[in-house]
Amino acid sequence: MQPHELTLPQYTTLTVLLRRPGLSNAQLARRAYVTPQSMQEVLRTLEERGLVARVASADNLRILKVSLTAAGKRLVILAERDAAEVDEALLGSLTPFERKQFVKSIQKCVIGLGGGLQIPRPARR
């Protein structure tokens with residue numbers, strides 16, 4: 001993420017917001033595995049760069065909902081492209097089945113850490 005001048009928590013925050021706009025500081029902190037205080041600093045930096053915007057929640061004015069700006073969307077899409085190249089270099093030697101198993105294992109680890117990732121459960125028969 002260095003070419004994009006992003007730290008890993010900043011990149012993680014941007015990718016989460018790309019898929020789930022409107023999350024709060026606390027929700028983002030859980031998904032990025034940082035403290036709410038650290039997330040506050042991440043968001044302040046991203047906001048200063050014009051990559052995110054925070055707006056008070058209609059339900060609770062003390063909660064700020066965070067969304068990407070147009071510049072934030074552009075940057076995270078470019079950064080994800082670079083990350084995909086790294087993923088391919090890392091996973092390129094795996095078969096499609098091995099990749100699927102690897103992703104499932106990582107998802108289980110994320111859930112175990114309480115990162116907020118939800119994996120759809122297969123329907124019961």
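The values are calculated or read from the model by the stated rules, or taken from the named source; none is laboratory data. Computed from a prediction, not measured in an experiment: that's the story for all the values here. Neighbour counts are summed over all protein chains in view; Cβ atoms, including those assigned to glycine, are modelled from backbone coordinates with ideal geometry. Heads up: the accessible areas ignore ligands, DNA and RNA and are worked out on the full protein's heavy atoms, side chains in. Shrake-Rupley method; radii C 1.70, N 1.55, O 1.52, S 1.80 Å.
Restricting attention to segment 1-25, the residues that are assigned to a helix (DSSP H, G or I), under 13 Å from the mean Cα position of the chain (by Cα) and loosely packed, with under 13 Cβ neighbours inside 10 Å total 2. Scanning segment 75-108 for residues that are under 19 Å from the mean Cα position of the chain (by Cα) and small (Gly, Ala, Ser), we see that the one that is nearest to residue 6 (Cα to Cα) is 79. For segment 31-46, residues that are touching a residue at least 60 places away in the same chain (Cβ under 8 Å) and either closer than 13 Å to residue 80 by Cα or surrounded by fewer than 20 Cβ atoms within 10 Å (Cβ to Cβ) (or both) total 1.
From the list 53, 26, 71, 84, which residue is in contact with a Gly (Cβ under 6 Å, 6 or more places away or on another chain) and without any contact (Cβ under 8 Å) to a residue 24 or more places away in the chain? Working first, answer last.
Numbers: 53 fails: in contact with a Gly (Cβ under 6 Å, 6 or more places away or on another chain); 26 fails: in contact with a Gly (Cβ under 6 Å, 6 or more places away or on another chain); 84 fails: in contact with a Gly (Cβ under 6 Å, 6 or more places away or on another chain).
The unique qualifying residue is 71.
Within segment 89-109, take every residue that is surrounded by 11 or more Cβ atoms within 10 Å (Cβ to Cβ) and either in contact with a Cys (Cβ under 9 Å, 6 or more places away or on another chain) or among the polar types (S, T, N, Q) (or both) and give me the one that is nearest to residue 31 (Cα to Cα). Applying the filter and picking the extreme gives 107. Here the condition is being closer than 20 Å to residue 80 by Cα and at pLDDT 95 or above; of 19, 49, it holds for 49 alone.
Just need a number here: residues in segment 52-79 that are among the small types (Gly, Ala, Ser), open to solvent by less than 30 Å² (accessible area, probe 1.4 Å) and within 18 Å of residue 19 (Cα to Cα).
2
Outside any loop (DSSP other than H, G, I, E, B) and either acidic (Asp, Glu) or over 15 Å from residue 8 (Cβ atoms) (or both), is that true of residue 62? No.
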